[in-house]
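As structure tokens, the structure follows; a few thoughts come after it.
The values are calculated or read from the model by the stated rules, or taken from the named source; none is laboratory data. Treat the numbers as computed from the prediction; the structure is a model and nothing was measured. FYI the Cβ positions are ideal-geometry reconstructions off the backbone, even for glycines, and counts take in every protein chain you see.
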Amino acid sequence: MMRFLLLFSRQGKLRLQKWFTPISEREKKKIIRDMTNMVLARQPRSCNFLDWKDLKIIYKRYASLYFCLAIENQENELLALEIIHRYVELLDKYFGNVCELDIIFNFEKAYFILDEFIIGGEVQETSKQIVNRSIEASDMLQEDDSSEWYEVELFG
Amino acid sequence: MPAVSKGDGMRGLAVFISDIRNCKSKEAEIKRINKELANIRSKFKGDKALDGYSKKKYVCKLLFIFLLGHDIDFGHMEAVNLLSSNKYTEKQIGYLFISVLVNSNSELIRLINNAIKNDLSSRNPTFMCLALHCIANVGSREMAEAFASEIPRILVAGDTMDSVKQSAALCLLRLYKTSPDLVLMGEWTSRVVHLLNDQHMGVVTAAISLITCLSQKNPDEFKTCVSLAVSRLSRIVSSASTDLQDYTYYFVPAPWLSCKLLRLLQCYPPPEDGAVKGRLVECLETILNKAQEPPKSKKVQHSNAKNAILFEAISLIIHYDSEPNLLVRACNQLGQFLQHRETNLRYLALESMCTLASSEFSHEAVKTHIETVINALKTERDVSVRQRAADLLYAMCDRSNAKQIVAEMLSYLETADYSIREEMVLKVAILAEKYAVDYSWYVDTILNLIRIAGDYVSEEVWYRVIQIVINRDDVQGYAAKTVFEALQAPACHENMVKVGGYILGEFGNLIAGDPRSSPLVQFNLLHSKFHLCSVPTRALLLSAYIKFINLFPETKATIQEVLRCDSQIRNSDVELQQRAVEYLKLSSIASTDVLATVLEEMPPFPERESSILAKLKKKKGPGAVSVTELEDNKREGGELNGGGDRGPDTASTPSPSADLLGIRSAAPVGPAPAGAGSLLVDVFSEAGPAAPSTRRHFYRFVCKNNGVLFENQLLQIGIKSEYRQNLGRMYLFYGNKTSVQFASFMFCVVALLDTWLQLNVQTKQVEPLVEGGAQIQQVLNIECLTDFSDFFQPTEMASNDFFQRWKQLSQPQQEAQKIFKANHSMDTEVLKAKLLGLGTALLDNVDPNPENFVCAGVIQTKSQQVGCLLRLEPNAQAQMYRLTLRCSKDSVSKRLCELLAQQF
């Protein structure tokens, strides 16, 4: 299973953190520091895998963002790389040419998309169409909601 | 106003985020956040009820602030309120907040669980999924208690939507991992297994994670999944790349599901059913064949997905370890990857080959790639890849290629990254020992190791070379000559001085015939290093010098002069001073015969498992090396140290025994019975439950300082103890009552921090070998932190002093009294001996009744002294005693009274 997913910028600014097992806040901060230090120090064209404690760290850079996924030892590294890629594709499909700013300003959306794709550290649905459809469906619900709210605003 | 905002777009949130981004300093950011927190707090506390949208917006801001790394201590209630909103977005933000900021506040958990319960029974699939996500994200015990029985029902119900099934399967998996005892599959087992047949690939993908985990824990109950998994895999593997529509990923059909199926099969041995097995082998062959086909896309995603399946298939082939044909094909495939331009593939191929090297079918095939791997070690730019190459060289090493591999590893060490040097040193040392055919090569290798990476050579490594040299007389002369040469270097590592000192001290005579290495030259060489060395090394050198006096009487005067100088006999270090003084004295008064006996050549060390191996295992963590080690063992016969049977891992700790002096021993009976292997004998097991009997023995030592603590057919443990103030020393004697050797003799003393055993115990390790019929001794140093009766100091006092103190201790809690029946002889002398044995002073002429005993003593602990007064009144007619204790510390009286009442 996956243990955590971190998104951070080239400057080491954390953009998204998802923990699949309970970890104390203190420990989280330490891991975040370790990961950014380790990954940012890697030379270009190095392999995308690192051993870290009893976990494997799979990382990949997309434009200005690093995606860093920790998986348990027996998991498949190449597939983990593709999990990252699929997530990027899902973000891209949703935001249209996703960039770091989209994730900063719509962090909650980034979480919702991730939740549709992965639950409890395991892949739930690998079909891009199905994930996109369910995100769009919930967005439709949201559009309804907001129009409702605008009415309230107008009349209130 | 930033342009980027989608969906409903909470404007206030976007403004806040961009404010934060515009902050020029950390201080400004904190100021802005505090302002926002104050604002939100006032909104939440305000009289005006907030509408759902505002609540959602503020909760979302809090979440953002939390994710920036600031503490959030409010807003949980508002988030919980959002859960019961019937607006999807509000509910969604509420759940997100709860998932990210779980609070163990039990009141809150109850409310959250209520909201989840409502959503689960809402029959609205979107709401159900949100609730399931939340359970999976939090995954707490409370949630498992509330929902573990409900979720399997949702999972297998016929009318559950596919998306809900997927969430339910993974949610259940999460709960199973946190609280396996609460997730009872029982009646659901077969229906869950049959999810492998589900039409919806997404459902299968989610369910298989759950099934794999359950199969690992209960393989028998889930074994029907094997044939289902094989047929599912077979359908995917043989499908055209477009058959599976959106489950085809960059022209690879269902890579996630394929890998998970292959992973599930790795929970089981090869299928017994011939047809199933045939179908599976066909699948594996197809996967290997596909690797040779030209790629359908140039995209890296295509090759990653395809190779992910290939690596998983190879893992399964290695797991089965029964199909030589497939193993060799796998090895060839990996061989191709070793030279692939993708660094990732080279890395994975090296890693995967490591496990392949341990299979007897593919070991030889792996060995053919040695040149490529050595090249990788030399030329890879990425240190993690080089590390894998080093691991693989270690795994593929055997007698045929050991010299080459060890030489390559040694030369790599000169430039190796600091992070991996220590491990490399251990590996080189192990290989050199394991595959040494001639010992001069072994000695050369280890000395090279010290020369190249002396700082990384741990004690275990240089101890080991000395043990081996001492045990092998054919290598001693060579070793002496080589260390002598190595020491000529102007700057040589301290570890080299240690080895040199030891070996020349033992075997310097073997090279003394050559005038270039005459005794005095040897001595001067060693002594030239002396002043640059640390204290332990100097101590070792001093011992080497006294050995020189025995080996070469002509050096006596020179060495005595060295020992006599102030920097030695007045050295501020006690150890050095003591050695100098004693050695000087020994050399002056002892006759040559006595000297020769005292300073005789070291006897051979007992054969045992290399401590280096134990260290490497410890370093790498369990499992990491063990596979290859075991296999190596299987493959390779005679090792350097003769004994084919390796003792169990000395680094492993016995499970902590449950009781007070939980002395437990795992004693494999040595190699004596032919081919007995390492038979684990728990010496206590025969005596029934050891702990209670030890406890019974323990009470004997309240009034006695020595005796037998434990005894059975195999082992006798004796004890002798002495106490001074708050310090004590306990000698434990382990006698081997059998005629065979105990190897890897281990024990641990567990002093429970019981109410009365508050001790600081330091043990000195003992040799792990006990010869048949022999006894070894171990010393425990004990410091009493609080009160403990053996740390009694007697206090003599006169009659009136006694009564004065007795009266001072008159508060009710300071006194403890007990009237009890005599358990043992009431003989006066026996009683006296017992009371003295306790450590108190027996005061005569204090009690008006001469039959009674009065004692006084002080218990010394680290932090305080506890004065104790005791009066024992025997009644011979009734065979009863009355025992009264008064102590300056309340709890002590009571405890001592209870303890002593069992003694009389």
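Odds and ends about this structure:
- Any chance residue B:196 is away from chain A (no Cβ under 13 Å), touching a Cys at 6+ places or on another chain (Cβ under 8 Å) and on the phi < 0 side of the Ramachandran plot: yes
- Residue check for residue B:263: crowded, with 17+ Cβ neighbours inside 10 Å, among the charged types (D, E, K, R) and within 13 Å of another protein chain (Cβ to nearest Cβ): yes
Each row is one residue, and each column tells you yes or no for (1) over 25 Å from residue B:119 (Cβ atoms); (2) assigned to a helix (DSSP H, G or I); (3) in contact with a helix residue (DSSP H, G or I) (Cβ under 8 Å, 6 or more places away or on another chain).
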position	(1), (2), (3)
B:164	no, yes, yes
B:167	no, yes, yes
B:172	no, yes, yes
B:182	no, no, yes
B:190	yes, yes, no
B:202	no, yes, yes
B:208	yes, yes, yes
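- For region A:59-74, a residue qualifies if it is modelled with pLDDT of 95 or more and within 9 Å of chain B (Cβ to nearest Cβ), but none of them does.
- Filtered by the rule that a residue be in a loop (DSSP other than H, G, I, E, B) and out of contact with any Asp or Glu (no Cβ under 7 Å at 6 or more places or on another chain), region A:64-94 gives A:74, A:75.
- Of the candidates B:72, B:40, B:93, B:98, the single residue that is surrounded by 14 or more Cβ atoms within 10 Å (Cβ to Cβ) and away from chain A (no Cβ under 14 Å) is B:40.
- Residues considered: A:89, A:82, A:116, A:77. Of these, the only one that is free of Cβ contacts under 8 Å to residues at least 60 places away in the same chain and more than 13 Å from the chain's Cα centre (by Cα) is A:77.
- All helices (runs of 4 or more DSSP H) inside region B:520-624 with 2 or more residues being touching a helix residue (DSSP H, G or I) at 6+ places or on another chain (Cβ under 9 Å) and under 30 Å from residue B:771 (Cβ atoms): B:535-551, B:574-589, B:592-598, B:611-620
- Residue within region B:462-481 that is β-branched (Val, Ile, Thr) and farther than 20 Å from residue B:606 by Cβ present: no
- Residues of region B:443-498 satisfying the condition of being crowded, with 20+ Cβ neighbours inside 10 Å and of a type in the set (Lys, Arg): B:464, B:498
- When residue B:52 is tested against (1) over 21 Å from residue B:127 (Cα atoms); (2) within 10 Å of another protein chain (Cβ to nearest Cβ); (3) small (Gly, Ala, Ser), just one condition goes unmet, and that condition is (1).
- Hits in region A:76-103 - residues which are in contact with a strand residue (DSSP E or B) (Cβ under 8 Å, 6 or more places away or on another chain), surrounded by 21 or more Cβ atoms within 10 Å (Cβ to Cβ) and within 7 Å of chain B (Cβ to nearest Cβ): A:77, A:81, A:82
- Filtered residues of region B:215-251 (kept if of a type in the set (A, V, I, L, M, F, W, C), within 13 Å of chain A (Cβ to nearest Cβ) and part of a helix (DSSP H, G or I)): B:236
- Looking across region B:403-422, the residues that are closer than 20 Å to residue B:460 by Cβ and not β-branched (Val, Ile, Thr) come down to B:409, B:410, B:413, B:416, B:418, B:419, B:421, B:422.
- Evaluation of residue B:170 against the conditions (1) closer than 21 Å to residue B:255 by Cα; (2) out of contact with any Asp or Glu (no Cβ under 6 Å at 6 or more places or on another chain) shows that the sole unmet condition is (2).
- Search result, residues across region B:353-394 that are farther than 18 Å from residue B:323 by Cα, of a type in the set (S, T, N, Q) and assigned to a helix (DSSP H, G or I): B:372, B:375, B:379, B:384, B:387
- Of the residues B:802, B:820, the single one that is under 18 Å from residue B:851 (Cβ atoms), out of contact with any helix residue (DSSP H, G or I) (no Cβ under 6 Å at 6 or more places or on another chain) and either assigned by the TED database to the domain that holds residue B:889 or in contact (Cβ under 8 Å) with a residue 60 or more places away in the chain (or both) is B:802.
- The residues in region B:303-321 that are more than 10 Å from chain A (Cβ to nearest Cβ) and assigned to a helix (DSSP H, G or I) can be counted, and the count is 7.
- Test: residue in region B:150-161 that is surrounded by fewer than 23 Cβ atoms within 10 Å (Cβ to Cβ) and over 30 Å from residue B:246 (Cα atoms): yes
- So residue B:155, is it within 14 Å of chain A (Cβ to nearest Cβ) and within 29 Å of residue A:113 (Cβ to Cβ): yes
- If you filter region B:306-338 down to residues that are among the small types (Gly, Ala, Ser) and touching a residue at least 40 places away in the same chain (Cβ under 8 Å), you find that the one that is nearest to residue B:287 (Cα to Cα) is B:313.
- Scope region B:802-825; condition more than 18 Å from residue B:868 (Cα to Cα) and either surrounded by 15 or more Cβ atoms within 10 Å (Cβ to Cβ) or at pLDDT 80 or above (or both); matching residues: B:819, B:820, B:821, B:822
- When residues in region B:383-410 are screened for being within 14 Å of chain A (Cβ to nearest Cβ), more than 15 Å from residue B:616 (Cβ to Cβ) and either of a type in the set (A, V, I, L, M, F, W, C) or without any contact (Cβ under 8 Å) to a residue 40 or more places away in the chain (or both), 5 of them pass.
- Pick from region A:104-118, criterion within 7 Å of chain B (Cβ to nearest Cβ) and not hydrophobic (A, V, I, L, M, F, W, C), ranking: surrounded by the most Cβ atoms within 10 Å (Cβ to Cβ): A:106
- Within region A:119-136, the set of residues being in contact with a Phe, Trp or Tyr (Cβ under 7 Å, 6 or more places away or on another chain), more than 10 Å from residue A:86 (Cβ to Cβ), touching a residue at least 40 places away in the same chain (Cβ under 8 Å) and facing another protein chain (nearest Cβ under 7 Å) comprises just one member, A:120.
- Residues in region B:64-97 that are aromatic (Phe, Trp, Tyr) and more than 13 Å from residue B:112 (Cβ to Cβ): B:64, B:66, B:74, B:88.
- Residue within region B:128-145 that is part of a helix (DSSP H, G or I) and more than 23 Å from residue A:19 (Cα to Cα) present: no
- Considering region A:6-47, and only residues there that are surrounded by fewer than 17 Cβ atoms within 10 Å (Cβ to Cβ) and closer than 23 Å to residue B:346 by Cα, the residue that is farthest from the other protein chains (Cβ to nearest Cβ) turns out to be A:40.
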